[in-house]
1. For Asn366, all conditions in the list (1) open to solvent by less than 50 Å² (accessible area, probe 1.4 Å); (2) at pLDDT below 85; (3) not in a helix (DSSP H, G or I) hold save one; what is the number of the exception?
2. Please state which of the following conditions Val192 fails to meet, knowing it meets all the rest: (1) surrounded by fewer than 20 Cβ atoms within 10 Å (Cβ to Cβ); (2) within 60 Å of the chain's Cα centre (by Cα).
3. Identify, from the list Leu22, Leu96, Leu29, Leu13, the residue that is modelled with pLDDT under 90 and open to solvent by 60 Å² or more (accessible area, probe 1.4 Å).
4. Counting just the residues of region 254-289 that are open to solvent by 30 Å² or more (accessible area, probe 1.4 Å) and without any contact (Cβ under 8 Å) to a residue 40 or more places away in the chain, which one comes out farthest from Ser202 (Cα to Cα)?
5. Test of understanding: among Leu444, Leu460, which residue is open to solvent by less than 50 Å² (accessible area, probe 1.4 Å) and under 19 Å from Met500 (Cα atoms)?
6. For region 199-214, does any single residue satisfy the condition of being assigned to a helix (DSSP H, G or I), of a type outside the set (D, E, K, R), within 50 Å of the chain's Cα centre (by Cα) and surrounded by fewer than 18 Cβ atoms within 10 Å (Cβ to Cβ)?
7. Given (1) open to solvent by 20 Å² or more (accessible area, probe 1.4 Å); (2) of a type in the set (D, E, K, R); (3) not in a loop (DSSP other than H, G, I, E, B), where does Lys54 come up short, assuming only one miss?
8. Can you tell me how many residues within region 136-189 are under 19 Å from Leu273 (Cβ atoms) and among the acidic types (Asp, Glu)?
Amino acid sequence: MVSRRRQLTLVVLGGATALNLLIGAMLALFLLQSYQQTLEHAKVTAHNLSTVLKENISGTLRALDASLGSTADDLLQLPAGAAGLLAQLRERQPELGALRVFDAAGRVRQGTPLPADTAGAGAVAGQAWFQSLQGRPGAGLSISPPRLDRASGRWHVLLARAMRDADGRLRGVLAAEVDLARLSSAFSLVSVGAKGTMTLSSSDGLVFARYARLRYDDAMIGKALVSPKLRAYIASGKRPEAYLFTSQQDDTERLVSLQRIFDRPLLAAPANLYFSVGLASDDYLQKWREEARAAAIIMLFSLLISGAAAWGLLRLWGEREAHQQQLRAFEREHAVNDERLRIIQDLHDGVGSQLLSTLMMVQAGNASREQTVLLLQECMDDMRLAIDTLAPDEPDLLPVLGNFRFRMEARYRAVGMEFLWTNHALPDALTLAPHAGLQVLRLLQEALANVLRHAQARRLKIDVYFSPRELRVRVEDDGVGMATATAPLGAGRGLANMRMRAHKLGATLDWRAAGGDAQRPGTVVELSLPLK
């Protein structure tokens, strides 16, 4: 029963485990596919946003460059009308700040004077944005690094166009201040999430504009951002796919999409501008993480439900097994009671009848003392056999056979007969119904009694053969044989009684001569009882 319970426990737990593994695998597959779809969607979104904003910024710069270029050409042809031309430029581009016209040496000739801290000789001519326009007849728009206006506290850059004569010599430079807020105004038109970023930087890594919900965003303008991907993009010209990058400023992982502002050379300095959109993983994975939490809850419920179901099933099976054990115990007890009733009835019909016959013979004076003792001894043997087979424990025939052998061996040796009993392949136990066991013992008792009464034997040999399918008992004597016995085996209660008992058991009974000499051929009685 322990083995069955263990097997069922393993089956139930194995089934619950397999079910949970299947559910877990399905949820994991769903989450993996959902994660990949979410990541692909974030890549597409980052690319689209960076493309839109790149076009907006490049369009703004192209428009300003076109206005500055046409005004620079007009100033070269009409230097006397510089004031009017600058006024017209401001009307066309009202977002422009201070306008200045420099000569080839970097001195202001028209427009807003320089601040006091930059008015020194060579302060302008020595700057990279101004130098990029010198000696390069085909140089286009030049953009200065970001500058902070200390009076207003706002950041701006200078956009400059060269004025050249027909020979290509530099005659002057037209420069206009542009508030960086003008370039980053489009940032407010799109949403990159609570932790997303948008950054406009130059090819030398300087930050021109940045959007992020960080309190130090403005402090990063004019400083270099270290980006290996941007450097590789500038060096190779091959735009990388959207990539994951963890910022050192806020330790946030972002999916970054890079764009080059101008696909064709336009700037004299810097070489180009670059724009990036970074979508924070915390933002674009928020819905997926909610799905992951939901999947974890589903998995937890699956474990709880399957665990409860397995526990309930095992408990139900345990109760069923306990009920079946009680039922089997009741059936065994009922069977034992039935066997006891049969034996009691047998005692009533057999021993009771024999005692009554003996009593009548004694009362009539027809029984000698020896006959009376013999009849009473047979009654006592019958009762002992019945008592042995009525043991309250499991009906094991081996102890009963042992008791029977002990009594018979003592009796036959007392009359001078050699008594040999041999067990072959003796098992640990032999379960047999009490009533059937009693019939087997009575058959043996009858066979042995016939030897004592009629065979005039000197030796009695009993062999008991045990096997899982059959119990076989062989009784052999060296007496005068069946034909010469003073009372043949078929007389009285002898053979007929033994045949009746064998028939009730479903056994076969055989008797034959043992094959001795003519004077003492002996007799063999053999009983075969199928066990299954």
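1. (1)
2. The number of the failed condition is (1).
3. Exactly one of Leu22, Leu96, Leu29, Leu13 is modelled with pLDDT under 90 and open to solvent by 60 Å² or more (accessible area, probe 1.4 Å), namely Leu13.
4. Arg289
5. Leu444
6. Filtering region 199-214 for residues assigned to a helix (DSSP H, G or I) gives none.
Within region 199-214, none of the residues are assigned to a helix (DSSP H, G or I), of a type outside the set (D, E, K, R), within 50 Å of the chain's Cα centre (by Cα) and surrounded by fewer than 18 Cβ atoms within 10 Å (Cβ to Cβ).
7. (1)
8. Qualifying residue count for the region: 2.
The values are calculated or read from the model by the stated rules, or taken from the named source; none is laboratory data. None of these values were measured; they are calculated from a predicted model. Every residue, glycine among them, receives a Cβ derived from its backbone with ideal geometry; neighbour counts consider all protein chains shown. Keep in mind that these areas ignore ligands, DNA and RNA; they rest on the heavy atoms of the full protein, side chains included. Shrake-Rupley method; radii C 1.70, N 1.55, O 1.52, S 1.80 Å.
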